[in-house]
Amino acid sequence: MAEKIDKRLRATLFRNRLAEAMRLRGSSQSALARTIGVDRSTVSQLLKGAGARLPNAQVVGECAGALGVSADWLLGLTDRPETAADMLANTLSLTEAPRALVDEQIFQWHKEAAGYKIRHVPAGLPDMLKTREMLEWEYAPHLGRSTDQAIGASEDRMTWMRAARSDYEIALPLFEVESFARGEGYYRDLPDATRRAQLDHLIAVTSQLYPGLRLYLFDARRLYSAPVTIFGPLLAVLYLGRNYLVFRDTERVQAITRHFDGLLREAAVTARALPDHLRALRDETT
């Protein structure tokens, strides 16, 4: 709720902010007057008048629109000069999500959040934990003759991510890992040797990198999550398939973080228990 201030103080604040907006915009009194359809003397009075009287809502709105600021800011109701449209553009964006490994945009977000905890619900097995053979099986149909080059670049980026100061928490649906171990559904055509090697790699990595890397399994019959990555307190990214939906405002980043933390609290298999769970699946299915 905006702080209630004296009418005289609000009127003074309006005059000061109007003058500041004009200065930043490079607008003269005459130019502003022409834009909002009033006499120059009216603008002069808005800037130099005294007392507690404020202009009517129409004039305030016209001034705000002409100068690219919000009417609330001119009136002292907020400390943010951006319009609602500008605020939305700065806090919510839609970017392309190519069918690739660690694409350039994802890598830049990881670099931006270096040192912060990264929370991740992948769309399948996490790319950063896959073997080269697994990556080739999964991405070769999309990358064509550039597969080796793309995987090499991806491995360099994933090596950087593993060496960064960030802790990683990853939450996966339990059925994803079980379907993989049994070669079912999406993984039906995956060669057995590739599947076994991937299971052994997951066991080794989640054991060796714990607690810097913690992977949890949640029961999708009880809980649901869309694919999402939360880069510390900075941003949260929803994966839509062809696009990333990016949130940078604190309120939504915190809300998505609470959602992720709920997945961990209700995990069917904790990070500490995961290697043993993977060994049991490997022994059961190979």
Farthest toward the dipole's positive end in region 7-81, which of 26, 59, 43, given Cβ charges of +1 (Lys, Arg) and -1 (Asp, Glu) about the Cα centre? 43
Nearest 10 degrees, 0 to 90: helix 192-208 Cα axis against the chain principal axis: 60
What percentages make up the Cα-Cα pair-distance distribution of region 7-81 when the bins are 10 Å wide from 0? 21, 61, 17
With 10 Å bins from 0: P(r) over region 187-286, alpha-carbon pairs, percent: 13, 33, 37, 15, 2
Between the modelled labels at residue 234 and residue 175 (7 Å from Cα along Cα→Cβ) the distance in nm is 3.5
Quick check on the exposure proxy: order 133, 138, 96 from fewest to most C-beta atoms within 10 angstrom. 96, 133, 138
Beta bridge orientation in region 91-285: antiparallel %, DSSP, nearest 5: 65
Provide the gained length on full extension for the span residue 19 to residue 270, in nm with one decimal, where the gain is 0.36 nm per separating residue minus the Cα-Cα distance. 84.5 nm
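Readers should treat all values here as calculations from the given coordinates under stated rules, not as data from a laboratory. Just so you know, these numbers come straight off a predicted model, no measurement behind them. Because the Cβ atoms are built from the backbone with ideal geometry, glycine has one as well, and the counts that use them run over all protein chains shown.
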